[in-house]
1. With the checklist (1) of a type outside the set (A, V, I, L, M); (2) closer than 24 Å to ILE24 by Cβ; (3) modelled with pLDDT of 90 or more in hand, flag the one item PRO58 doesn't pass.
2. Which residues, counting only those in the range 58-72, are within 19 Å of SER38 (Cβ to Cβ) and surrounded by 13 or more Cβ atoms within 10 Å (Cβ to Cβ)?
3. Look through the range 94-114, keep the residues that are modelled with pLDDT under 90 and not charged (D, E, K, R), and return whichever of them is nearest to THR29 (Cα to Cα).
4. Those residues that are more than 22 Å from GLN61 (Cα to Cα) and of a type in the set (D, E, K, R), I need them from the range 23-48; list them, please.
5. Quick one: GLN67 ticks every box in (1) assigned to a helix (DSSP H, G or I); (2) modelled with pLDDT of 90 or more except a single one, so which number is it?
6. Quickly run through the range 95-124 and pick out the residues that are among the small types (Gly, Ala, Ser), part of a loop (DSSP other than H, G, I, E, B) and out of contact with any helix residue (DSSP H, G or I) (no Cβ under 7 Å at 6 or more places or on another chain).
7. Output the number of residues of the range 78-94 satisfying the condition of being free of Cβ contacts under 8 Å to residues at least 40 places away in the same chain and assigned to a helix (DSSP H, G or I).
8. Give ASP55, ASP9 a once-over and let me know the one that is exposed (fewer than 13 other Cβ atoms within 10 Å of the Cβ) and without any contact (Cβ under 8 Å) to a residue 12 or more places away in the chain.
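The values are calculated or read from the model by the stated rules, or taken from the named source; none is laboratory data. Keep in mind that what you see is a predicted model, and the values were worked out from it rather than measured. Here Cβ is always computed from backbone atoms with ideal geometry, including for glycine, and neighbour counts include all displayed protein chains.
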Amino acid sequence: MNGDDDLLDPIWLNDVITRELEFIRNVGTHKNLLMATSNQGAYEAFLMLMLARQDGFPVYQTLEQIQSRYASQSGIIKRLRMLRDAGLIEAKPGRKGSEVRLAPSKDIIAEFARLLDHKYNRSH
């Protein structure tokens, strides 16, 4: 039996698809998270900011590292601005005068961490 056969195990596949579906539905019940995850490129940027947490990450460095296809920088900037305006991410001064770092708010970190904890069954 090769590795692909293991991935096609119907019990395992149903379990992970069910978890992913539950996760997506749970995200949809949180207005803040729905806003952060509704666009793939912006979601990737959001996850990068989540990795940096309160230290933040420079805006343009974030944009340069996005690998999602069909994600325009202007569209992602627009989404990040919406998240900032909603108080979900904060703009902080960077090391250089012209640099702006974005960091997720403590509330959005906690909200997203609870969903991820449930998704990956860490607390069960």
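1. (2)
2. Correct list: THR62, LEU63, ILE66, SER68, ALA71.
3. GLY94
4. ARG25, LYS31 - these are the residues of the range 23-48 that are more than 22 Å from GLN61 (Cα to Cα) and of a type in the set (D, E, K, R).
5. Every condition holds for GLN67 apart from (1).
6. Hits for the range 95-124 are GLY97, SER98, SER105.
7. Count: 5.
8. ASP9
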